[in-house]
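Undergrad: Pasting a structure here, questions to come.
The values are calculated or read from the model by the stated rules, or taken from the named source; none is laboratory data. Since this is a predicted model, take the numbers as computed values, not measurements. Cβ placement follows ideal geometry from the backbone for every residue including glycine, while neighbour counts extend to all protein chains displayed. Just the protein is used for accessible areas: all its heavy atoms, side chains included, with ligands, DNA and RNA removed. Shrake-Rupley method; radii C 1.70, N 1.55, O 1.52, S 1.80 Å.
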Amino acid sequence: MSRTLIHGATVLTMDAQGDLPRGDVLVTGDTITEIAPGIQADAAQVVDASGCILIPGLINAHMHTWQTALRGLAANWTLLEYFRKMHAGLATVFTPQDLRIATEVGALNQLNCGTTTLVDWCHNNPTPLHNDAAIDGLLASGIRAAFFHGTPKPDPKPGERPFWDVSHPRAEVERLLKAHQGNPLLSVHAAVLGPHYSTLDVALHDFRMVKELGIIGSLHQGGGPARTPEGWEQLEAAGLLGPQINIVHGHALSDEQLKRFCELGMSFSAAAESEMTQGHGHPITGRLRALGRAPSLGVDLESAVSGDMLTQARIALAMQRSLDNAAYREAHGSIPPSSTITTREALSWVTVEGARMLGQSHRIGSLAPGKQADLVLIRASDLNMQPVHDAVSSVVMQASLANIDSVMVAGRWKKRHGALLDVDLAPRLAALRASGEKIAATLGLSNR
């Protein structure tokens, strides 16, 4: 079994062991086996990480990876424009091949940016071939992935049932679960409509399916009036709420609902940049913190924003600090005496909390012996990083894609010395461009 000794890094475990100003991490096979100030390991490949900060692999807890070929197209759209132009327009012309190249390149970009686990929320998949193509793209990239099987949302044709009145296709979820059972780098879950976007009968069916299959049910909450305003109460009365339910965005929930959902152990994923850009409302970060909880974070849409998770942590942190500062000034007439949120907490949103959302805290999200070797080396010797007074703050506030030196997933290097390994990007980018131009042309959005 292969062994890799990462030597001399500043180690931020985000676990009980804390930070090591200078430490070693031993990886055996796909697992971290030791973390200490100094490790002797015979016959191990030694990686000199002096001048680097070692962090857990980042976790992107919510992204519609199928939109990778449409980067920038939705940058000036509100949520209503997005519904009309994306779901009722561009999405309807995607072939399985379009999903395949978008998902693979999107996942490769995540690896390049330091994300080792991607929650791929795939809701433009009208056929099993589309699902298989998207999963093939994830597997080809080498990222650790959670594929959330969703359903398309086109405008209904005459005589056709609208998407909000169609139950989630359980047989297809079961097919995917069976096909990928036991894959250590892929899990399958369901991206359901939820009561905000479906009828009560559909929501009851979908939440019951999730519970019976033992998977996570993730859903969008917010963005216009709810189709079933009383739906959450009915779902709780049916015993269908609990840790298996993940709420994305979380707008249009009352304080009492949010409190109750926290008590039930449900998880929450925010996409601060996308939410503020498209008009969802302020992220619910502060409301969760007031209840002793925290969100995981996701990019949401590369058609609108960048795919860098450190950017997402920084924006979510700045937004909530701004709201907290404004509230203090309103109450006290002065600048608050100290900051309400630390950079370490923000780093946890893109590591620890992402693992919690997936129910995989025992495997990923922090560095500890026995956990999967998903980790990132950040060059702290670079111009934009020096001097480093506080390693956590340097990572959250200064680091960018330019500083991501190396990325490891399950004990295997996917990026070294600033470049992805074992992948020829040129033909993939050419295929991505061709796909994006073809799709954009359907709405007259192509730049050609």
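Undergrad: For the chain, set up a GNM with springs between Cα atoms under 10 Å and report which of ALA316, ALA88, ALA41 has the largest fluctuation.
TA: ALA41
Undergrad: Scan around ASP15 for amide H atoms under 5 Å from its own, H built in the peptide plane at 1.01 Å from N, and keep only partners 5 or more places away or cross-chain.
TA: Distant-sequence amide H within range of ASP15: LEU367.
Undergrad: Which residue, GLY239, GLY159, GLY89, tops the fluctuation ranking in a GNM of the chain built on C-alpha contacts under 10 Å?
TA: Per the Cα network of the chain with a 10 Å cutoff, GLY159 tops the list.
Undergrad: From the helices alone, meaning DSSP H stretches of at least four residues, give me the mean residue ellipticity at 222 nm for the chain, per-run term -39500 (n - 2.57), in deg cm²/dmol to the nearest 500.
TA: Roughly -9500 deg cm²/dmol at 222 nm, from the helical runs in the chain.
Undergrad: Residue by residue through the stretch 428-436, what is 3J(HN,Hα) from phi via Karplus (6.51 cos²θ - 1.76 cosθ + 1.60, θ = phi - 60°)? Round to whole Hz and write x for glycine and proline.
TA: 5, 5, 5, 5, 5, 4, 4, 4, x
Undergrad: Could you give each residue of the stretch 184-189 its phi-based ³J(HN,Hα) in whole Hz, using Karplus coefficients 6.51, -1.76, 1.60 with θ = phi - 60°, and x for Gly or Pro?
TA: Karplus-based 3J(HN,Hα) across the stretch 184-189 equals x, 10, 9, 10, 10, 9 Hz.
Undergrad: Another question about this same structure. Rounding to the nearest 20 debye, state how big the charge dipole of the chain is about its Cα centre with +1 on each Lys and Arg Cβ and -1 on each Asp and Glu Cβ.
TA: Charge dipole, the chain, about its Cα centre: 380 debye, nearest 20.
Undergrad: Treating only the Cβ atoms of Lys and Arg (+1) and Asp and Glu (-1) as charged, compute the dipole magnitude of the stretch 233-367 about its Cα centre; round to the nearest 20 debye.
TA: Its charge dipole is roughly 420 debye.
Undergrad: Something else now. Which whole-angstrom value gives the distance between the alpha carbon centres of the stretch 403-418 and the stretch 362-395?
TA: Each part's Cα centre sits 12 Å from the other's.
Undergrad: Based on the Cβ-Cβ distance of SER338 and ALA238, what FRET efficiency does E = 1/(1 + (r/R0)^6) give at R0 = 45 Å, to the nearest 0.05?
TA: Here the calculated transfer efficiency is 0.50.
Undergrad: So, one more: First compute the accessible area of the stretch 65-154 with a 1.4 Å probe, then give the percent of it belonging to carbon and sulfur atoms.
TA: 59
Undergrad: Contour minus end-to-end for GLN386 and ALA368, with contour as 0.36 nm per residue of separation and end-to-end as the Cα-Cα distance?
TA: My answer for the length gained is 3.7 nm.
Undergrad: Let me ask another. Which of the residue pairs LYS211/LYS371; LYS178/LYS211; LYS85/LYS153; LYS85/LYS157 have a Cα-Cα distance greater than 21 Å in the structure shown?
TA: Cα-Cα > 21 Å for LYS211/LYS371; rest within.
Undergrad: Please give the Cα centre distance for the stretch 197-273 versus the stretch 89-164, rounded to the nearest Å.
TA: One Cα centre to the other: 22 Å.
Undergrad: Using a probe radius of 1.4 Å on heavy atoms only, what accessible surface per residue do you get for the chain? Whole Å² is fine.
TA: Per residue, the chain has 39 Å² of solvent-accessible surface.
Undergrad: Relative to the present Cα-Cα distance, how much length would full extension add between ASP48 and TYR328 at 0.36 nm per residue of separation?
TA: Length gained between ASP48 and TYR328: 96.2 nm.
Undergrad: Same structure again: Provide the FRET efficiency to the nearest 0.05 for the LEU129-ASP165 pair, computing r from the beta carbons and using R0 = 30 Å.
TA: Here the calculated transfer efficiency is 0.75.
Undergrad: I'd like the Karplus ³J(HN,Hα) series for the stretch 295-312: coefficients 6.51, -1.76, 1.60, θ = phi - 60°, whole numbers in Hz, and an x wherever there's a Gly or Pro.
TA: So the Karplus estimates, Gly and Pro as x, are x, 8, 10, x, 6, 6, 10, 6, 6, 10, 9, 6, x, 8, 6, 5, 4, 4 Hz.
Undergrad: Take the Cβ-Cβ distance between ASP136 and ALA75 as r, set R0 to 25 Å, and report the resulting FRET efficiency rounded to the nearest 0.05.
TA: 0.30
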